[in-house]
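The structure appears right after this line, and notes come after that.
The values are calculated or read from the model by the stated rules, or taken from the named source; none is laboratory data. This one's a predicted model, so the numbers in the text were calculated from it and none came from an experiment. So basically every Cβ, Gly included, is an ideal-geometry build from the backbone, and we count neighbours across all protein chains shown. For the accessible areas, the whole protein counts, side chains as well, though only heavy atoms, and no ligand, DNA or RNA atoms are used. Shrake-Rupley method; radii C 1.70, N 1.55, O 1.52, S 1.80 Å.
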Amino acid sequence: GCFSCVASLSMGAVDVWSFGAKGDGKTLDTAAIQKAIDKAAERGGEVRFSTGTYLTGTLVLKDNVTLYLERGAVLLASTRLEDYPPTPSRNRYTPSRLIYAEGVKNISIIGEGIIDGQGTHPNFKADEKDELKSILRRPYIIRVISCDRVNINGVTLRNSPAWMQHYLDCSNLLVDGITVFNHGNYNNDGIDIDNCKNVRIVNSCFDTDDDAICFKTTNAPGKC
């Protein structure tokens with residue numbers, strides 16, 4: 001039984017290189033990575049990032065997909081605002097994000113790699129005169145909405161332009177063994193748990209400029 005589980009998982013694994021990702025830190029790899037995600041979603045499986053620096057804009061996760069960042073792999077957020085096409089936001093904050101999932105199940109971001117938001121770049125500069133410090137245009141790194149069975153394990157998350165992670169209306173979320181370093185901009189939360197249930201955050205380290213672990217309810221009828 002166990003062997004067939006492992007075999008089926010590896011059969012569904014794809015490498016972003018084979019879809020045209022360059023991993024050179026300069027070429028925008030968004031389209032290639034999204035093709036790999038879409039392919040992995042057909043049967044469920046891993047999207048693997050081997051050693052390299054993958055410059056990317058918004059990526060959309062699908063059912064049963066795992067992003068696996070090997071040690072030495074860096075997912076590097078683009079600094080161009082146009083690489084983060086907005087979707088309608090279900091709270092008062094930004095509609096932009098690097099990794100996005102909504103209404104899907106069984107998704108994971110795992111491995112010993114790094115996700116870097118390049119949050120100190122001038123394109124993400126906050127307007128100190130604005131009440132929300134321009135958070136309506138600064139992307140988050142991870143936004144997951146109305147999803148079930150979400151696993152974030154082992155990765156290092158650093159330098160978001162705003163909040164690092166926002167989980168809204170989710171259930172069965174496990175955050176295990178991650179490291180978050182989030183300084184250099186405003187609203188640099190480590191993790192925001194919003195209207196969620198059945199959440200575990202364990203074995204992890206948060207070093208942040210704003211809220212480290214923040215529980216909240218931004219939808220009036222919801223509760224955390």
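The figures follow:
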{"quantity": "Region 18-106: C-alpha gyration tensor shape, a/c 1.5 cut-off, then a/b vs b/c", "calculated": "oblate"}
{"quantity": "Other-chain or far-sequence residues with amide H under 5 Å of VAL47's (modelled H)", "calculated": "VAL14, THR66, LEU67, TYR68"}
{"quantity": "Overall form of region 92-171 per C-alpha gyration tensor (a/c, 1.5; a/b vs b/c)", "calculated": "oblate"}
{"quantity": "Size-normalised alpha-carbon gyration radius of the chain, reference 2.2 N^0.38 Å", "calculated": "0.96"}
{"quantity": "Solvent-accessible area per residue, Å², over region 1-144 with all protein chains present [probe radius 1.4 Å]", "calculated": "47"}
{"quantity": "31 Å Cα-Cα threshold exceeded, pairs from LYS39/LYS216; LYS22/LYS133; LYS105/LYS223; LYS39/LYS125", "calculated": "LYS39/LYS216; LYS22/LYS133; LYS39/LYS125"}
{"quantity": "Three-way shape label, region 63-117, alpha-carbon gyration tensor, a/c 1.5", "calculated": "oblate"}
{"quantity": "Stokes-Einstein translational diffusion, region 38-83 - Kirkwood Rh over all Cα pairs, 0.890 mPa s, 25 °C, in µm²/s", "calculated": "211"}
{"quantity": "Hypothetical label at SER171: residues of region 127-149 whose amide nitrogen lies under 17 Å (7 Å Cα-Cβ projection)", "calculated": "145-149"}
{"quantity": "Choice from TYR93, TYR68, TYR84 with maximal GNM fluctuation in the chain (Cα, 10 Å cutoff)", "calculated": "TYR93"}
